[in-house]
Amino acid sequence: MKYRVKDLSLNESGKKKIEWAMDHMPVLAKIREEYEKEKPFEGMNIGACLHVTPETAALMITLKAAGAHVRLSASNPLSTKDDVAASLVKDYGIEVFAVHGDSADEYYENIKNVLEIEPVVTLDDGGDLTAYLHSKLPELARKVWGGTEETTTGVIRFRAMEKDGVLQYPIIAVNDSKTKYLFDNRYGTGQSTIDGILRATNLLIAGSIFVVAGYGWCGRGLAMRAKGMGARVVVTEVDPVRALEAVMDGFEVMPMEKAAEIGDFFVTVTGDKNVIDLSHIEKMKDGAILANSGHFDVEINVAGLRKMAVSIEDVRPNVKKYTLPDGKRIYLLAEGRLVNLASAEGHPPTVMDMSFSNQARAVKYIKENRNRLEKKVYTLPDEIDREIASLKLHSMEIEIDKLTEEQKYYLTSWEEGTH
Ligand code: ADE
């Protein structure tokens with residue numbers, strides 16, 4: 001067994017966290033039960049680059065139970081839980097390459113180690129493993145059956161690769177399944193981002209002006225939760241349809257340039273660069289708090305802020321104070337990296353249950369359809385969404401109605417109209 005974790009003796013607390021997560025992931029447990037019996041991934045090597053959390057551990061354990069040989073590296077150096085990594089190695093025999101706080105070089109060395117097993121399926125969150133494989137190991141990329149992508153940012157990268165004609169194997173955009181983005185992106189990001197901000201700052205959201213940059217599914221969830229906690233929520237957007245939705249959902253909408261002048265909290269969830277730039281920071285109030293919940297740490301111009309500051313000081317865990325030449329203080333949370341994973345525990349297992357059930361189904365889908373799939377980005381069929389939603393409802397002991405034969409016929413016919 002090969003691995004690189006901080007300290008194997010941390011495994012006890014990691015194991016408890018993994019067990020807690022698995023206890024709250026009933027859909028994945030059902031799939032694991034099925035895979036344990038049928039061993040659909042027997043003999044398959046699977047390489048994953050995901051946040052090393054208890055929820056990811058549950059997915060890795062599922063893939064191993066299905067017969068796969070799995071190697072895992074972290075998709076963000078600050079989201080790695082070292083005790084979980086230790087337990088995966090020591091208690092579950094899964095090879096992990098991840099240490100909390102790894103440098104960029106170590107991060108890519110971990111990915112390199114994962115790719116050593118020559119995976120036939122890759123699992124990615126943000127696209128770094130897949131992009132590395134394409135650019136550094138093109139021969140190996142050509143042998144891969146297919147890959148999955150967990151997040152919006154990664155899907156955007158892979159669609160760009162498809163458009164440029166450089167994608168070497170099919171990608172399943174797990175992010176684009178309804179049972180993923182409607183729940184994980186909305187309720188997961190909504191709750192875990194607030195959680196990260198609260199753990200870092202211990203400040204009151206009620207009565208504050210809370211600026212959400214981006215009104216995708218993550219932004220929607222975050223705006224909704226901030227409003228629920230009593231904030232005056234301001235949304236900034238570039239897409240007119242989304243901006244209009246935000247207005248009609250009851251939020252104030254304005255350009256960042258204006259929002260910068262009034263906000264107490266600023267959170268970026270756009271997937272794009274320099275959404276909070278120096279020109280905005282210059283306009284902010286003393287004490288403004290900046291955080292990012294988008295995948296990469298590019299949404300806030302942190303490098304520029306660092307240059308602009310006359311002093312930088314750690315004031316609390318995950319809170320850095322930047323003092324500007326005029327004496328104004330700007331607080332940056334979690335270095336502008338994913339605040340929900342760096343300063344809290346990421347999305348709860350209850351919601352990752354559906355995301356990672358989609359991942360488990362996506363790997364099976366790749367295996368079963370590998371001779372048919374082209375070098376394109378695909379979404380999973382609707383029936384998988386329906387299966388996962390049904391299993392989740394069942395686990396919550398919620399029943400729903402069934403169409404009668406008459407209703408089924410009505411929905412597939414055209415003759416009957418105005419009576
Ligand atoms: N992304 C967001 N939250 C996560 C979690 N808890 N585990 C893995 N990936 C995540």
- [ ] Evaluate segment 54-64: report whether one residue or more is among the small types (Gly, Ala, Ser), at pLDDT below 95 and buried (at least 18 other Cβ atoms within 10 Å of the Cβ).
- [x] no
TODO: Would you mind stating whether residue 385 is surrounded by 23 or more Cβ atoms within 10 Å (Cβ to Cβ), of a type in the set (Asp, Glu) and touching a residue at least 12 places away in the same chain (Cβ under 8 Å)?
DONE: no
Task: segment 341-354: number of residues that are among the hydroxyl-bearing types (Ser, Thr, Tyr) and farther than 21 Å from residue 77 by Cβ - done: 1
Open item on the list: Against the conditions (1) more than 25 Å from residue 119 (Cβ to Cβ); (2) among the hydrophobic types (A, V, I, L, M, F, W, C); (3) touching a residue at least 24 places away in the same chain (Cβ under 8 Å), where does residue 403 fall short? Just the number, please.
Closed with: (3)
Open item on the list: Out of everything in segment 128-182 that is among the acidic types (Asp, Glu) and not in a strand (DSSP E or B), what residue ends up being farthest from the ligand (Cβ to nearest atom)?
Closed with: 139
Task: Residue list for segment 69-91, restricted to those being touching a residue at least 40 places away in the same chain (Cβ under 8 Å) and assigned to a loop (DSSP other than H, G, I, E, B) - done: 75, 76, 78, 79, 81, 91
Open item on the list: Quick test for you: out of 413, 357, pick the one residue that is hydroxyl-bearing (Ser, Thr, Tyr) and either part of a loop (DSSP other than H, G, I, E, B) or surrounded by fewer than 10 Cβ atoms within 10 Å (Cβ to Cβ) (or both).
Closed with: 413
Task: Index of the failed condition, residue 15 passing every other in (1) touching a residue at least 60 places away in the same chain (Cβ under 8 Å); (2) among the basic types (Lys, Arg); (3) within 18 Å of residue 362 (Cα to Cα) - done: (3)
Open item on the list: Take the residues in segment 324-364 that are hydroxyl-bearing (Ser, Thr, Tyr) and closer than 19 Å to residue 392 by Cβ; name whichever of them is farthest from the ligand (Cβ to nearest atom).
Closed with: 357
Open item on the list: For the list (1) over 22 Å from the mean Cα position of the chain (by Cα); (2) in a strand (DSSP E or B), I need the number of the one condition that residue 211 fails.
Closed with: (1)
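The values are calculated or read from the model by the stated rules, or taken from the named source; none is laboratory data. As the structure is a prediction and not an experimental result, all values here were calculated from the model. When we count neighbours, we look across all protein chains shown, and the Cβ atoms used for this are built from the backbone with ideal geometry, even at glycine.
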